[in-house]
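J.: The structure follows.
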Amino acid sequence: LRRERQMELYKRALASLPGGTNSNFRAWGEETVYLDRGKGGTVWDIDGNEFIDLRMGYGPVILGHGDERVDDYVNERMRLGVSFSLTTEDEVRTIELIKELTGWVQKARMTVSGTEATMHAMRIARAYTGRNKIVKFEGQYHGVHDYALISVTPDDMSELGDSDNPVGLAWGRGIPEAVAATIIPARYNNIEALRRLFEARGEEIAAIIVEPVLGNAQGIMPKPGFHQAMRALTEE
């Protein structure tokens with residue numbers, strides 16, 4: 001791989017960005033990649049190396065980079081203004097479309113990021129139930145607010161504890177113990193352990209937060225019926 005221009009940019013970026021990037025997941029030392037452009041499922045770095053993009057913006061670029069239909073509409077709307085502090089018809093149309101496509105969403109609000117969405121969801125669950133605990137499965141990623149960064153990924157797998165009593169591990173420093181204590185970690189795909197948890201602590205629990213597929217741990221699929229059994233447990 002050609003790296004000449006990227007090495008220059010990496011050294012320059014170190015002076016302004018921690019690790020030379022805006023995310024630890026992109027900081028790969030001297031192998032950090034700096035992209036130039038993308039089209040469809042392909043991206044090119046600033047040295048002209050070509051890659052297949054399997055990340056797709058972690059989801060939002062599902063139609064590929066530079067899709068003409070998306071670009072044309074975005075460009076058209078941008079000429080009318082980008083960031084308003086009031087509501088536009090596009091926002092109403094978007095939620096109407098979400099309702100139509102899902103069939104179960106009744107009302108919704110948009111957030112700027114997934115981090116805000118999960119933070120608000122936890123807050124709503126706590127407000128509605130009057131309870132403070134949220135059950136979160138080990139290895140799942142729900143954003144970068146303090147409540148989400150518990151048991152995301154351990155430095156040492158032996159720190160996790162057993163399936164009936166997982167250890168709540170704060171991911172990084174700076175998270176208050178009182179905040180971390182509101183999260184109850186659980187083992188994914190173990191409905192019996194989850195049932196025992198609810199039998200013991202159900203009166204404390206406001207909600208379960210879950211990735212349908214455990215994506216942050218390389219795509220662990222749910223066992224057949226796991227989500228349905230979990231939903232029935234929360235309704236009970």
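The values are calculated or read from the model by the stated rules, or taken from the named source; none is laboratory data. Quick caveat: nothing in here was measured; it's all calculated off a predicted structure. Here the Cβ is made from the backbone with ideal geometry for all residues, glycine too, and neighbour counts use every protein chain on show. These area figures cover heavy atoms from the full protein model, side chains too; ligands, DNA and RNA do not enter into them. Shrake-Rupley method; radii C 1.70, N 1.55, O 1.52, S 1.80 Å.
J.: Among (1) 1.03; (2) 1.21; (3) 1.15, which one is Cα Rg over 2.2 N^0.38 Å computed from these coordinates?
T.: Identified label for the calculated read-out: (2).
J.: When the chain is modelled as a GNM with alpha-carbon springs shorter than 10 Å, which of Asp164, Asp90, Asp156 fluctuates the most?
T.: Evaluated over the chain, the most mobile residue of the options is Asp156.
J.: Could you order Ser163, Ser85 so the one with the most accessible surface comes first? Probe is 1.4 Å.
T.: Order by accessible area, largest first: Ser85, Ser163.
J.: Something else about it: Under a 10 Å cutoff between Cα atoms, tell me which one of Ala15, Ala193, Ala125 has the largest fluctuation in the Gaussian network model of the chain.
T.: Ala15
J.: Tell me, what is the FRET efficiency for Met7 and Met56 to the nearest 0.05, using R0 = 25 angstrom and their Cβ-Cβ distance as r?
T.: The formula returns an efficiency of 0.40 here.
J.: Further question on the same structure: Probe of 1.4 angstrom, ligands and nucleic acids ignored: what's the accessible area per residue over segment 106-148, in square angstrom?
T.: Accessible surface, normalised per residue, equals 62 Å².
J.: Ordered by packing density, taken as the mean number of other Cβ atoms within 10 Å over each peptide's residues, highest first, how do 126-132, 147-153 rank?
T.: Packing order, densest peptide first, comes out as 147-153, 126-132.
J.: Using a Gaussian network model of the chain with C-alpha springs under 10 Å, which one of Pro185, Pro60, Pro222 is most mobile by mean-square fluctuation?
T.: In the Gaussian network model the winner is Pro60.
J.: Let's see if you can work this out: charge +1 on each Lys and Arg Cβ, -1 on each Asp and Glu Cβ, no other charges. What is the dipole magnitude of the chain about its Cα centre, in debye to the nearest 20?
T.: Dipole about the Cα centre, nearest 20: 380 debye.
J.: Do any chymotrypsin sites (Phe, Trp or Tyr not before Pro) in segment 22-116 lie in a loop, going by DSSP, with at most 10 other beta-carbon atoms within 10 Å of their beta carbon, and if so which? Don't jump to the answer; show the numbers that get you there.
T.: Numbers: sites: Phe25, Trp28, Tyr34, Trp44, Phe51, Tyr58, Tyr73, Phe84, Trp104; in loops: Trp28, Tyr34, Phe84, Trp104.
Loop-located and lightly packed - Phe84, Trp104.
J.: Could you please state how large a percent of the accessible area of the chain is carbon and sulfur, counting protein chains only and using a 1.4 Å probe?
T.: 54 percent
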